[in-house]
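Just so it is clear, none of the values below were taken in a lab; they were calculated from the coordinates. Values in this document were obtained by computation on a predicted structure and should not be read as measured data. Here the Cβ positions follow ideal geometry from the backbone for every residue, glycine too, while neighbour counts run over all protein chains shown.
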Amino acid sequence: MLLWCDDCLANVQMFTPSQAAQVAGVTTRAIYRQIEQARIHFIEDTSGFVLVCSRSLKVALKP
Ligand SMILES: [Zn+2]
């Protein structure tokens, strides 16, 4: 799903934390850690549901 990312200033593919974990080959917990450390962009809807920006995910996971 393509959604607006305020940090990229672009429409980007957004993943749920579990999708992001699968794509990145890490645990969901690791994804939340990246979010907490502001290493990946995320959006949160009014019900508190988090979606992560795939573009920043790729950057964050670069060795
Ligand atoms: Zn972004």
When residues of region 1-49 are filtered for being in contact with a Pro (Cβ under 6 Å, 6 or more places away or on another chain) and within 15 Å of the ligand (Cβ to nearest atom), how many remain?
1
Do you know which residues across region 1-35 are among the small types (G, A, S) and free of Cβ contacts under 8 Å to residues at least 24 places away in the same chain?
S18, A21, G25, A30
Please enumerate the residues belonging to region 16-44 that are of a type in the set (S, T, N, Q), under 14 Å from R55 (Cα atoms) and surrounded by fewer than 19 Cβ atoms within 10 Å (Cβ to Cβ).
T16, Q19
Kindly provide the set of residues from region 50-63 that are among the basic types (K, R) and more than 12 Å from the ligand (Cβ to nearest atom), ordered by number.
K62
